[in-house]
Amino acid sequence: MITQILSTMLPVFLIAGCGALYGRFRTPDIQGLNVLNMELFVPMLVFAVLADQQAPLQEYGGLALAGTVVVLGSGLVLYPLARLLKLNLKTFLPPMMFNNSGNMGIPVLVLAFGEQALPAAIVLFIVEMLLHFSVGLYILDPHTSIIRRLRLPIVFASIAGLSVNLSGIVLPGWLLESLNMLGEVCIPLMLFALGVRMLDVDFSDWKLGLIGAIACPASGLLLAWPMIALLDLPALQVTSLWVFAALPPAVLNYMVAEQYQQEPHKVASLVLISNLGSLVVMPLVLALVFAAGYV
């Protein structure tokens, strides 16, 4: 079990560490890399996985529902805590709801459970992203237009991939292989960018960051447990949901907060200290998953 955990987490830490080391001596255009990743490589991977007829997406409806409950439910569960501690709801709740299903979730699931976990990882990633750019932006600015929220390459890639899969259209092998090769660039690039971002950790709001590092995975796992009990999910989907529920806040929360001028420095502390905390949380969750015999 220890070997499995190390083989999963060490590549994640090493690639992120390379990003941190490179960023320490250089100033790479991470914003440009993230734009390229989110507008090209990630949509290609999403489309390729969803369009592949070997991934029966009708079997992932329960997982998508459970992922939705984890994301939205985290906001409801932590609302009383935010009010009790007199935290700004727009600053605290979005990072607690919208987790790092891209930069960390996809690589961890693929490394831990192999390529067969990729469809589940993509489904959960799509759920989180669509909710982030709909509900998440609405929380920050209720007046943001729906068109602006959904005018994203990943949305079009999701719709196109689902349409191809559900219609029964079989794409040529050479086309899927090309899309997969380009799409798989996004996984190490996500981790590399995450490592560079780690250099921006601001410990001035360390108390808020520590609260987030505990509250984010705790609320997710608390909500995942009843969904697993209620839904008859396959073992691989159960493990994927546990990992998804324990993920730290997405780095994208900081970028969105900066765009909307919603206390970006506090959001940065929440996001980055929580991601540092995941160095402890994720191995523990993987250990519990392996010990429970789901895989």
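Inspection of segment 252-261 identifies at least one residue that is touching a helix residue (DSSP H, G or I) at 6+ places or on another chain (Cβ under 9 Å), at pLDDT 80 or above and buried (at least 20 other Cβ atoms within 10 Å of the Cβ).
Only one entry in V110, V127 is within 14 Å of A64 (Cα to Cα) and β-branched (V, I, T), namely V127. Taking segment 152-271 and the helices (runs of 4 or more DSSP H) fully enclosed by it, the elements with 1 or more residues that are touching a Lys or Arg at 6+ places or on another chain (Cβ under 7 Å) are at 206-230. For segment 199-215, a residue qualifies if it is of a type in the set (A, V, I, L, M), more than 19 Å from the chain's Cα centre (by Cα) and either under 20 Å from Y79 (Cα atoms) or at pLDDT 85 or above (or both), and the qualifying residues are L208, L210, I211.
Every listed requirement among (1) in contact with a helix residue (DSSP H, G or I) (Cβ under 9 Å, 6 or more places away or on another chain); (2) surrounded by fewer than 21 Cβ atoms within 10 Å (Cβ to Cβ); (3) closer than 27 Å to L72 by Cα is met by S158 save one, (2). I126 passes every criterion in (1) at pLDDT below 90; (2) under 14 Å from T239 (Cβ atoms) apart from (2). Report yes if some residue within segment 223-236 is surrounded by fewer than 24 Cβ atoms within 10 Å (Cβ to Cβ) and within 18 Å of N100 (Cβ to Cβ); otherwise report no. The answer is yes; a qualifying residue exists.
Going by what's in this entry, would D200 be described as surrounded by fewer than 17 Cβ atoms within 10 Å (Cβ to Cβ) and touching a residue at least 24 places away in the same chain (Cβ under 8 Å)? Even if it seems obvious, please write down each step before you answer.
Details: surrounded by fewer than 17 Cβ atoms within 10 Å (Cβ to Cβ): yes; touching a residue at least 24 places away in the same chain (Cβ under 8 Å): yes.
In short, yes.
The values are calculated or read from the model by the stated rules, or taken from the named source; none is laboratory data. Just so it is clear, the structure is predicted and the values come from calculations on it, not from any experiment. Ideal geometry is used to build each Cβ from the backbone, glycine not excepted, and the neighbour counts take in all protein chains shown.
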